[in-house]
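The values are calculated or read from the model by the stated rules, or taken from the named source; none is laboratory data. Predicted model only: the values in this text are computed from it and were never measured. Neighbour counts are summed over all protein chains in view; Cβ atoms, including those assigned to glycine, are modelled from backbone coordinates with ideal geometry.
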Amino acid sequence: MRTSTAVDLVARAGGVMRRAHLLAHGATVADIRRAVRADAFERLREGVLALPGADPMVKEAAVHGGSVACASALHRLGVWLWDDEARLHVWLGTSGRRHPHPGCRCVTHHDAGTSAFGVVSIVQALVQVASCLGDEVFFAAFESAWRKGMIDRAQRAEVRAGLRAGQRRLVDLARPDADSGLESILRLRLSRLGIRLECQVRIPGVGIVDFLLDGRIILETDGRANHDGLVMRHKDLRRDALAAARGFETLRFDYALVLHEWHLVEAAILARRARAHGGPHA
Ligand SMILES: [Zn+2]
Ligand SMILES: [Zn+2]
């Protein structure tokens, strides 16, 4: 087999291939040796070859023994992730073996199936995130993928079917119109307190607000990176004044508050709500 033909084969497989597969496709041991000598292939580990220009993350996962998975696969697609998960998540299939390598901090996944090299599907990655990183990370990632048009109805049903029974309600609670991951987290946490919110509500004279609670309390999340400019601050203040003039109360929370001081966010919402209902703080 000519080196260019072998290179084509590996390229079509995503840039990484088992030596055994290449042999099964008709390459000889001598062909492979010649290609390695010509730097057309690199040996990632015993029996695994890669194109030198192959995706570095795919190569590292192959060194570890499988394919890019879970949070790492979603991160590549641009799906929003609630925590900065820097480790490489690798799917080895049901019985794949982990191969030790220098500097390994990989998170190994062993969910059912036979792993190849490359990147798992978005459906599999979402299901993996649910079991690996929990309800909140999954929920925000699922809404983000939906919002970005990355998962259609059939794929959403597939994700739901892949979750353990206790997590399926998360798919039922999800919406395609959450404006940011922060909104997703806020909505999920309040739903656990039994609080249901109206989302993306248009209030005449004010505009579209993130959430409306009890028809009277506006919740706004500030998950935008460039939100601390003076112009934005003025706009927010003006919006709050417009809302107040119409009898609404506004609470604003940013990423840091929701992430690090949730108890404060929760206390603020519950107290406002109690007052609105003529509770002890009325
Ligand atoms: Zn994982
Ligand atoms: Zn590793």
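Observations, loosely collected:
- Of all residues in segment 221-267, those being in a loop (DSSP other than H, G, I, E, B), small (Gly, Ala, Ser) and either closer than 17 Å to Gly181 by Cβ or at pLDDT below 85 (or both) number 3.
- Candidate set: segment 117-161, residues that are touching a strand residue (DSSP E or B) at 6+ places or on another chain (Cβ under 6 Å) and in contact (Cβ under 8 Å) with a residue 60 or more places away in the chain; chosen: the one nearest to ligand 2 (Cβ to nearest atom): Phe117
- Complete set of residues in segment 158-217 that are in a strand (DSSP E or B) and among the charged types (D, E, K, R): Glu198, Arg202, Asp210
- Answer from Ala130, Ala145, Ala116 - the residue that is surrounded by 15 or more Cβ atoms within 10 Å (Cβ to Cβ), more than 11 Å from ligand 1 (Cβ to nearest atom) and within 20 Å of Asp84 (Cα to Cα): Ala145
- Checking Asp83 against (1) away from ligand 2 (no atom under 16 Å from the Cβ); (2) over 25 Å from Glu183 (Cβ atoms); (3) within 18 Å of the chain's Cα centre (by Cα), the condition it does not meet: (2)
- Residue pairs meeting the criteria (Cβ under 8 Å; at least 6 apart or on separate chains; first without any contact (Cβ under 8 Å) to a residue 24 or more places away in the chain, in segment 162-181; second crowded, with 18+ Cβ neighbours inside 10 Å): Arg168/Arg160; Asp172/Arg160
- Conditions (1) free of Cβ contacts under 8 Å to residues at least 40 places away in the same chain; (2) closer than 30 Å to Cys132 by Cα; (3) part of a helix (DSSP H, G or I); (4) among the small types (Gly, Ala, Ser): number failed by Gly103: (3)
- Within segment 78-100, being touching a residue at least 40 places away in the same chain (Cβ under 8 Å) and surrounded by 14 or more Cβ atoms within 10 Å (Cβ to Cβ) holds for Val79, Trp80, Leu81, Trp82, Glu85, His89, His99.
- Among the residues of this structure, Ala73 counts as one that is closer than 30 Å to Ala256 by Cα, assigned to a helix (DSSP H, G or I), within 16 Å of ligand 2 (Cβ to nearest atom) and at pLDDT 95 or above.
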